[in-house]
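Chemist: This is the structure, below, for whatever I ask next.
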Amino acid sequence: MDANDFRRAATDLPEVEEREHQDHPDFRVGGKVFASLGKDGSWGMVKLDPDDQARRVAKDPALYEPFAGAWGKHGCTKVHLARCKEAEARDALAAAWRNVAPKKVRAAHEGEL
């Protein structure tokens, strides 16, 4: 997977807006960031809940990596795109979307993810 694949998978989710933050793209639902791309395009970030993050890191630590400090403790997880398959990225992005999307937006799109 590359940065364009990750971008497409993120923007395929309902009501997603792509913006830029600190000179790199991010993806928002309801105005809140649920994913972003690293400046060099080699990694993406998904905002998982900490339990989901721990499961994914334990399953494949070469694919998933918690960010350092408070960001990582709150679920911000690096996805190494060169190792990532499309289905895995879509699953992680959907989980991050559900974590951040407002209740009304989640309810409006309940069977789509």
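Where a number appears in this text, it was derived from the coordinates with a stated rule and is not lab data. Nothing here was measured: the structure is a model prediction, and the numbers come from that model. FYI the Cβ positions are ideal-geometry reconstructions off the backbone, even for glycines, and counts take in every protein chain you see.
Chemist: Looking only at residues in region 19-33 that are free of Cβ contacts under 8 Å to residues at least 12 places away in the same chain and in a strand (DSSP E or B), which one is farthest from residue 112 (Cα to Cα)?
Modeler: 20
Chemist: In the list 40, 91, which residue meets the criterion of being surrounded by fewer than 16 Cβ atoms within 10 Å (Cβ to Cβ), free of Cβ contacts under 8 Å to residues at least 12 places away in the same chain and within 12 Å of the chain's Cα centre (by Cα)? Reasoning before the result, please.
Modeler: Values: 40 fails: within 12 Å of the chain's Cα centre (by Cα).
Being surrounded by fewer than 16 Cβ atoms within 10 Å (Cβ to Cβ), free of Cβ contacts under 8 Å to residues at least 12 places away in the same chain and within 12 Å of the chain's Cα centre (by Cα) holds for just one of 40, 91, which is 91.
Chemist: Tell me, yes or no, whether region 85-100 has at least one residue that is outside any helix (DSSP H, G or I) and closer than 20 Å to residue 50 by Cα. Lay out the reasoning, then the answer.
Modeler: The initial filter retains those residues of region 85-100 that are outside any helix (DSSP H, G or I), namely 85.
Subset that is closer than 20 Å to residue 50 by Cα: none.
Within region 85-100 (the criterion being outside any helix (DSSP H, G or I) and closer than 20 Å to residue 50 by Cα), the answer is no, since none of the residues qualifies.
Chemist: Restricting region 19-33 to residues that are touching a helix residue (DSSP H, G or I) at 6+ places or on another chain (Cβ under 8 Å) and either small (Gly, Ala, Ser) or over 23 Å from residue 111 (Cα atoms) (or both), which is surrounded by the most Cβ atoms within 10 Å (Cβ to Cβ)?
Modeler: The residue in question is 25.
Chemist: Still on this model: Out of 103, 39, report the one residue that is touching a strand residue (DSSP E or B) at 6+ places or on another chain (Cβ under 8 Å) and farther than 18 Å from residue 8 by Cβ.
Modeler: On the way: 103 fails: touching a strand residue (DSSP E or B) at 6+ places or on another chain (Cβ under 8 Å).
Selected residue: 39, the only one of 103, 39 that is touching a strand residue (DSSP E or B) at 6+ places or on another chain (Cβ under 8 Å) and farther than 18 Å from residue 8 by Cβ.
To keep it simple, each residue is scored yes or no on (1) buried (at least 20 other Cβ atoms within 10 Å of the Cβ); (2) part of a helix (DSSP H, G or I); (3) in contact (Cβ under 8 Å) with a residue 60 or more places away in the chain.
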site	(1), (2), (3)
10	yes, yes, yes
17	no, no, no
35	yes, no, yes
44	yes, no, no
51	no, yes, no
55	no, yes, no
61	no, no, no
70	no, yes, no
105	no, yes, yes
